[in-house]
1. Set Lys and Arg Cβ to +1 and Asp and Glu Cβ to -1, take the dipole of the stretch 27-145 about its Cα centre, and tell me which of P119, G27, A78 lies farthest positive.
2. Would you kindly derive the ³J(HN,Hα) couplings of the stretch 374-387 from the backbone phi angles with the Karplus curve 6.51 cos²θ - 1.76 cosθ + 1.60 (θ = phi - 60°), listing them in order in whole Hz, with x for Gly and Pro?
3. Any chance you could check the Cα centroid distance between the stretch 146-210 and the stretch 284-356 for me, in angstrom?
4. Could you give the dipole magnitude of the stretch 1-148 about its Cα centre, charging the beta-carbon of Lys and Arg +1 and that of Asp and Glu -1, in debye to the nearest 20?
5. Label-point separation (nm) for E153 and V14, each offset 7 Å from Cα along Cα-to-Cβ?
6. Figure the gain on full extension for D351 and V4 (residue separation times 0.36 nm, minus the Cα-Cα span) and round it to one decimal in nm.
7. Which of the peptides 26-32, 356-362, 233-239 is most tightly packed, and how do the rest follow, going by the mean number of other Cβ atoms within 10 Å of each residue?
8. Over the residues of the stretch 274-354, compute the C-alpha Rg and express it relative to 2.2 N^0.38 Å.
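The values are calculated or read from the model by the stated rules, or taken from the named source; none is laboratory data. All figures in this text were calculated on a predicted structure; none of them were measured in a lab. As a convention, Cβ positions derive from the backbone with ideal geometry for all residues, glycine included, and neighbour counts pool all protein chains shown. Calculation scope for accessible area: heavy atoms of the full protein, side chains included, ligands and nucleic acids excluded. Shrake-Rupley method; radii C 1.70, N 1.55, O 1.52, S 1.80 Å.
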Amino acid sequence: MNAVLTSEDGSPLVVCVYVIAGTAGAGKTSLALRWAHQVRERFPDGQLYANLRGYDPGEPVAAGEALHRLLTSLGVPAASVPQDLDTAAALYRSLLADRRVLVVLDNAAGVGQVRPLLPGSAHSLVLVTSRSRLSGLAVRDGARRLTLGVLPEPEAVALLRAVTAGYRSTDDERQLAELARLCARLPLALRIAAERAASHPHLRLDDLIADLRDESALWDALSTGDDEEAEAIRTVFAWSYRALSEPAARLFRLLGLHPGPEFGLRAAAALAGTTSISRSRQLLDSLVGAHLLEQTAPDRYQFHDLLRAYAIDQAQHEEPPAEREAALRRVLEWYLHTADAAQSWLNPAEDRVPLAPVPDDISPLTFSEYDAAVDWAEREHDNLLQAVRTAADAGHDRLAWQLATVLWNAQFPSASGASRGPHRTGGSRTAGGPRRTRRTHPTCLIRHVRRCRCCLSLAIRPRISGTAPFAACLGGYAH
């Protein structure tokens, strides 16, 4: 990959698009982010990152939505981002024309997601990860491609030894090679298996391998046999999952019901139906330790797309429908009541949505200052959008229209169409100032929620005053 870089004098790059392709769990994202960190000084104007979520259980990120995020990262006010895709792409290219930037586009599903996000400059580099070859980028855009396969056996064994170092010292090469083979020599599966082995230092590796073979037999019975690598990954997932304590396994399943792949500690507690934050943190720590979950920041977690799909599958098979329904309702209520608390700081002049009392089994956040409310609203914006869709799809009509309304009222200041009420003056955030009425809703929010089934019918229900303009805005996007 270093071959695409030129000298440090700002000369044009050898290529402007580099695709890292490979099967699920091969380490594409890890390689891209590690290399981006190593070469950060070669791109003095910064780096941009967008997860296109091309293989998540939910919908991939549309090119227009990704452009919106990239443009706001470049300093364009959200309200000034063009609604038209071609116009937004042209603005994006013009902003990067004289800059030397590294753009990382992670988990791309297809060329259509990527091409509008190409800067078109010989000084910037786009690094794309995908399970697809994205041949169209090579043909039309001159992309170079690196395809990651499985690790060679010596490297797979070395990875197992590195993770288990200090915990196990008697495992021989033959046993480790067999374990690597059962993991299809894929880094993600190898790390999960190695963590399992390290957590049972007194158990013979032969016995651990036998357990893994048992799981493999279970998956073989359910498998079509079309994809050996995918089956190996699912086998390792099952092996690690069944080693969890029952409370941790239950939380893992329920996290699959969360509207988005990233979430906070208190949203996880709401799914579990507990108000004990310390206990929820302990269970999340056990999932992180088993490599079934990734911690991205203090009290912030996310799923690998494969693990999220596995968690959803386990929830469907092991959780009774009533339990799934109750868990989903709890987390939607948590987002609703927390967003309502944020509105009291972000848009205090707007009428509040009349809500039912907070259920006893959730603990919504409260905010002691404006900055805390803004930070939460910005961090959870995508989850709130997904919560609207999830509520509508699940038939929770009341929650769907309430979430949509509160989401609008509690937009953070840089969101498209956000109220200009609370704003920064002289470097500090203050409340006050003019605000927009709901009649001026931009189409940004509409584009996000229009895919919800029944979105129009939810919006036009006259539950609270002021919903008619919202309904009128949605009218052109009804199915």
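1. The residue sitting most towards the positive pole is G27.
2. So the Karplus estimates, Gly and Pro as x, are 4, 4, 5, 4, 5, 5, 9, 4, 5, 5, 5, 4, 5, 5 Hz.
3. 33 Å
4. On the way: 15 positive and 12 negative charges, 91 e Å.
Roughly 440 debye for the stretch 1-148.
5. Rounded to a tenth, the inter-label distance reads 3.3 nm.
6. Working: separation 347, 0.36 × 347 = 124.92 nm, distance 5.54 nm.
Once the chain is fully extended between D351 and V4, it gains 119.4 nm.
7. Details: 26-32: 19.6, 356-362: 13.7, 233-239: 24.0.
Peptide ranking by packing, descending: 233-239, 26-32, 356-362.
8. On the way: Rg = 16.2 Å, N = 81, 2.2 N^0.38 = 11.7 Å.
Here the answer is 1.39, to two decimals.
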